[in-house]
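Report on one structure; see the data block that follows.
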Amino acid sequence: MSHRAFSKRVCKEKRDFDEMKNAAAEFYRVSRVPRDIERALHELFLHRPADLHGYLSMSSAAVSSHLVPNSQERTEHVTAAVLWINEPLNSMLKDQNPCDQLKIDDILSTFFMDRCLEEKEVWDRERPKVIPSSSPPQTKDKKVINKGKKSSIVEKPFPPVEPQKPVLHGSLAIGSVSLAVAKTGAQIQGIRLYEYIAALRNQEPPTQFHIPVSLVTLLSCGKTSPGKLNLLEEVILIPKVGQQVKQIITMALEVQKEMMRIMNTLTNGGASEAFVCDSGALAVSHERPEQPLDLITEACTNLGVPLGTQIHLALNCAAHELMDPSKGKYEVAAGVLKSPDELVDLYQTLISKYPAVALIDPFRQEDRAQWEKLSSMIGNSCSLLSDVSYNSQEPPIPGVRGRILKHINETTVSDLIHMTSEQQGSVLMGTTCSEPCNGDSLSDIAVGLGLHYVKLGGLSGAERMTKYNRLISIEEELAQQGILVFKEKHPPPLFPDSPHTHSGTTEGARSGLEEHSSHLIQTDF
């Protein structure tokens, strides 16, 4: 090789390397990886734990940021969980049969309740005593005086905001140990984790399985996203039933790429800023709830998959995080407040214009009248879903057709089995960083519980793609064994009053999966 040819090749290799390095740097910047690494290393240096790798492993399962607002408190949660596991739980579970899931979960739950009672006693002792006032309490149910004239208008009483259930430091250990015991029991019996959970749920090993439909997060427009809009925590893609997991992921990726192309060419539409958020989806800058929905509509139309046929939407409103209790209104966007009744009208307008077949937490749970009112208005085309992860013992909310489940904190495997067995219509939702395990177990749990739907988040990040890949592997495995069936669902709405199932032939599913055998999905923005 001549010197000139050699120099040319070296220059090309250097140029390719620089381009790859710049692309990687941009990817990490958009995904905010340097910030997360810097935070993790900072915490590691401050605490300098003896079990360095164990600490890092537990840190990946730290409780979610909306419940634990700062890194210091997250660290305290993880440290407490490690202490629980190393000492009291280790002693209590010694010599227990790891295949007796119910008994071990009962021990874990009893231990957790005892810790809660101890914490409450400490809090009651340290709480400052309140001296009751001698004057009678003021109520809002009184006539308003205006310019010396009595008004007949009586202020509508505002339901008080129920305090959020606190997350007890160390509670992450309960869910973590419960899952570890389930995985151990499955290994001892020589079966998959989803088979083990299904056997626990059905009291015997099932002969057929189905794969929950994957709900993919497309956009995040909540309080932590850029722009003024607060209302839409997540806009979620609901694929047409009967598609393989790979097909769903491929379609969602195409929609997201088209959305990014539209945003890159947009000059003035309120979506000038976007980045990948913790849920693995695009966080966009918008001011009104119609804007992100218009963006998705345009992207789907450009791709020839119009909304309302092959694709529907679910809106995770997370409205309980938007309530301003001093005003009794929801701050749907910065400086824009709406009463519960005004929010009903807003949702009705959105549902009439866009093919959303599910609203998740459209109100706080106290606004029961608005739940019922909205359900009566849009229930034929849209299901209302409520997160019961922290309030599983609360009475059902009128108008709610489905429930959001999460495997977090003190939730045991037995808890999930109980919640899904007592009522149909559940969606298992993965969270950002609060699952007891950052591996692929959530996919096995969803299949084992026999759920209709599972939401694993967006399509960016190894943590989420590990779960999607596991779901693909399970689907291929079931098809090859000839025990894969499909549940027939027809949105809208997401959960009809009387869902029907059928056990279709697995030949079509098996042949379709074999065409794409053993190629797992790896994707990033």
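Each residue, residue 264 and residue 123, gets one label point 7 Å from its Cα in the Cβ direction; the gap between the two is 5.0 nm. In this structure, the pairs whose alpha-carbon distance is over 30 Å, taken from 223/353; 183/223; 246/329; 223/373, are 183/223; 246/329. For residue 219, the residues whose modelled amide H falls within less than 5 Å of its own, excluding neighbours fewer than 5 places apart on the same chain, are 235. A cut-off under 14 angstrom between Cβ atoms defines the neighbours of residue 114, and their net charge, with Lys, Arg +1 and Asp, Glu -1, is -3. Note on residue 296: accessible area is roughly 0 Å² with a 1.4 Å probe, heavy atoms of protein only. Note on the stretch 288-437: antiparallel DSSP beta bridges, both residues inside, total approximately 25 percent of the bridges counted. In order along the stretch 473-478, the phi-based Karplus estimate (6.51 cos²θ - 1.76 cosθ + 1.60, θ = phi - 60°) of 3J(HN,Hα) comes to 4, 5, 4, 5, 5, 5 Hz; Gly and Pro are listed as x. Fully extending the segment from residue 184 to residue 207 would add 6.1 nm, taking 0.36 nm per residue of separation and subtracting the current Cα-Cα distance.
Using a 1.4 Å probe and counting only protein heavy atoms, arrange 336, 255 so the residue with the most accessible area comes first.
Working: 336 60, 255 0 Å².
Listed by decreasing accessible area, they come as 336, 255.
Surface calculation, 1.4 Å probe, protein heavy atoms: residue 224 sits at approximately 120 Å² accessible. In this structure, the amide hydrogen of residue 210, modeled 1.01 Å from its nitrogen in the peptide plane, lies closer than 5 angstrom to those of 485, counting only residues at least 5 positions away or on a different chain. When the trypsin sites (Lys or Arg not before Pro) in the stretch 323-367 are filtered for DSSP coil states and for at most 13 other beta-carbon atoms within 10 Å of their beta-carbon, the remaining sites are 327.
The values are calculated or read from the model by the stated rules, or taken from the named source; none is laboratory data. As the structure is a computational prediction, the values presented were derived from the model and not from experiment. Quick reminder, even Gly has a Cβ in these numbers, built from the backbone with ideal geometry, and neighbours come from all protein chains shown. Accessible surface is based on the protein model in full, side chains and every heavy atom, while ligands, DNA and RNA are left aside. Shrake-Rupley method; radii C 1.70, N 1.55, O 1.52, S 1.80 Å.
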